[in-house]
Structure formats: C-alpha cells, structure tokens
Amino acid sequence: MPNTKSSPLIDPQTRAEILVQAIPYIQRFAGKTIVIKYGGGAMLNQALMQSVMSDLLLLQLMGMRLVLVHGGGPFINRALEAIGHTSQWENGLRVTDATTMQVAQEVLAGGVNKTLVRAVGAAGGRALGICGLDGRLLTACKHDGDVDLGYVGDIESVDCRLLNDGLDKGYLMVVASIAGGRDGQVYNVNADHAAAAIAAGCGAQKLILMTDVLGVLTDKDDPSSLISVLPQAQVPDLLADGTLKGGMIPKLTCCLDALSGGVQQAHILDGTLPHAILLELLSDDGIGTMVY
Ligand SMILES: Nc1ncnc2c1ncn2[C@@H]1O[C@H](COP(=O)(O)OP(=O)(O)O)[C@@H](O)[C@H]1O
Ligand SMILES: CC(=O)N[C@@H](CCC(=O)OP(=O)(O)O)C(=O)O
C-alpha cells in the first residue's frame, strides 16, 4: 500500500526543515498588517485564485493581519464588452463614464469581491468583503490630470477604523477599489493605488503587489535578470535609464508612495506562480522584488 501522504519529490526530513525555516519569518510578521494587491491577469485562473486564498489563510493563521485589496480589470472589460461598451485608457487608467462607473462598481464590489470572500470561506477561513465606500475607507476626488478621465478618482484620505475593527475580530479583509467622494460621487480607483494608500493609511508593515511578471527585471524580456532586492534610492535611476516601462512605472510609484507613507517593505511578485506569496514572505531567498 503506497503512502499517499508523502511527496515523491521532497523527503519528510526536508519538508520538516522547510517548515522550521519559516519560524523567524512567522515571528517577525505575526501581529503585523500586510496589504496585498491582487488583480489583473494573476486573477483569471480560478484554481490558482483558490490556491492564493488558501495561502493567505495560512498566513492569517500564523498571526498576520491581512488586507487583500483587489482589482479585476479583465472582469470589467468582459462586462463592458457584453453591453457593447468599449474602454479608452490613458496612462494605464480606464476613462470612466457613468455607465463604466456603474459596471465597475457592480463587477468589483458585487462580483469579484464576493468571489474572493467565498474562496477564503472555501479554504476554511472567514473573510469580510467591503469596498472603499464602506466606513468611508477610501475618500477620493476627481482625477487631476491633463486629460479628463471622468469618474476616475485620486485618493484624498483613508479611514482605517472599519478595516481595523474587522482585523481585530479575526477577519481576513477583502477590499474592492471603489471610493466615495466628498461630493457624493462614486469613483473608480486603480487597485495598485488603492492598496498603496491603504497600506500607508493603516500603518502596514508590508505592501505586496501581485502581478504577472517575476518582479522588476533589468531586461523585461529576460526572467534571469530579476532584481531581488531594490533600495528605493535606486528607483529614479531605473526610471531615468528606461529600465522600467509601461505598467511597471506606476507599480514602482505605488511602492515608493507606500514606503514614504511609513510602510517598511514593498514587494512585487508573480501571482501566477503557485505559492508565490508564501515563498516571498517565509523563505530566505524570496521569489520577487523587495523594495525597501
Ligand atoms: N523592468 C521591468 N520589469 C518587469 N516588468 C516590466 C518592466 N518594465 C515594464 N514591465 C511590464 O510591466 C508589466 C506589469 O504591469 P501591468 O501589466 O500593469 O500589471 P498588472 O496588470 O498586474 O497590474 C509586465 O507585464 C511587463 O510587461
Ligand atoms: C481607474 C482604473 O483604471 N481602475 C481600474 C480598477 C480595477 C483595477 O485596477 O484592476 P486590475 O488591478 O485588475 O488592473 C479599472 O477600471 O480597470
């Protein structure tokens, strides 16, 4: 009778050692708030999404206070396509008219948020799903830029009382990137920006941005060029010499904003790699880029 409990690849001794090596990391982060941004392409595979929620539950059971801030741009795209509405983009932000705002709110706060809450529940945990409107968590004003982006919001303030109440009660908090304005308007906020603002606003130890590339690469087409540890002072050089392009530019800006807001470390990692977050947080080597 084969022993179905043992992996053919890792012997029991090694597996036990891997667990023991996690002890200093668990001690370091227990009781600390960690804000994780999940969205984009990393969210599309349902089995992987379930696996990410199980990993988060494991971290929560180790004592970490977890806030999962999510986007869901691809799901908004699908819902808009279904009604024959197309989106325009400016610098990575979706130009948001009234119809798009309505759809974004329904898809993010209604659909994606509850899918994630359900996945945490399926893993055996308890999640509480809210959006930036709840408890006035995120207050935004109309985006200030050269081009009118409609109902795209820039975050003005963060009120973490509801978030902390939920964390104190033992919930894994799940937040959709929809914000309210002082003008009574609802605003569409990029989820990276929402996560960075929440991380700074609630005194998080870490911000983790999950994307679909390994992290910051010196050559964006060469995975072996990963920068594992990136001092924030080097980021302006990477911007100036063109190493950082496209979507990686606002991600690094979010990391710098979070760090200047008091967050200790910001990580960019590939959410499509199984257990990426466990490997990044609980091992010496890490798997993505840590900015500090
Ligand atoms: N130096 C770089 N290192 C890694 N990725 C880079 C770099 N410069 C540009 N990129 C691009 O940034 C993309 C990640 O940003 P984005 O597509 O906006 O992510 P998401 O949709 O997950 O928010 C990568 O897929 C990659 O093509
Ligand atoms: C203003 C703006 O662009 N908002 C984003 C909000 C969702 C998001 O950020 O989703 P991802 O993280 O999956 O890209 C949008 O409408 O797509």
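Here are some notes:
- The phi torsions of region 253-261, fed into the Karplus equation with coefficients 6.51, -1.76 and 1.60 and a -60° offset, translate into couplings of 4, 4, 4, 5, 4, 5, 5, 6, x Hz, rounded to whole numbers, with Gly and Pro shown as x.
- Accessible surface of residue 270 - all protein chains present, 1.4 Å probe, nearest 10 Å²: 20
- Assigned charges on the beta-carbon of Lys, Arg, Asp, Glu; the chain dipole about Cα centre (debye): 1080
- For the chain, accessible area per residue (1.4 Å probe, heavy atoms of protein chains only), Å²: 47
- Counted over region 28-291, the DSSP beta bridges are approximately 30% antiparallel.
- Taking every lysine pair in region 28-291 that is 8 or more places apart or spans two chains, those with Cα atoms closer than 19 Å amount to 8.
- Under the combined filter of DSSP loop state and at most 15 neighbouring Cβ atoms within 10 Å, region 68-158 retains these trypsin sites (Lys or Arg not before Pro): 126.
- Region 28-291: relative contact order as a whole-number percent, Cα under 8 Å and 6+ apart: 22
- Summed side-chain charge close to residue 161 - residues other than residue 161 whose Cβ falls under 15 Å, Lys, Arg +1, Asp, Glu -1: -1
- Cβ-isolated cysteines (cut-off 4.7 Å), the chain: 131, 141, 254, 255
- Accessible carbon and sulfur surface of the chain relative to its total accessible area, %, 1.4 Å: 53
- J(HN,Hα) series, region 128-141, from Karplus relation 6.51 cos²θ - 1.76 cosθ + 1.60, nearest Hz, glycine and proline x: 10, x, 9, 10, x, 6, 5, x, 6, 4, 10, 10, 10, 10
- For region 235-290, averaging the sequence separation of C-alpha pairs within contact (under 8 Å, six or more residues apart) and dividing by the residue count gives a relative contact order of 23 percent.
- Pairs of Cα atoms in region 28-291 fall into 10 Å distance bins, from 0 up to the last occupied one, in shares of 7, 32, 38, 20, 2 percent.
The values are calculated or read from the model by the stated rules, or taken from the named source; none is laboratory data. A quick note: this is a predicted structure, and the numbers were derived from the prediction, not measured. With ideal geometry, Cβ positions are generated from the backbone for all residues, glycine too; neighbour counts draw on all protein chains shown. The protein model used for the area step is the full one, side chains on, heavy atoms only, and it has no ligands, DNA or RNA in it. Shrake-Rupley method; radii C 1.70, N 1.55, O 1.52, S 1.80 Å.
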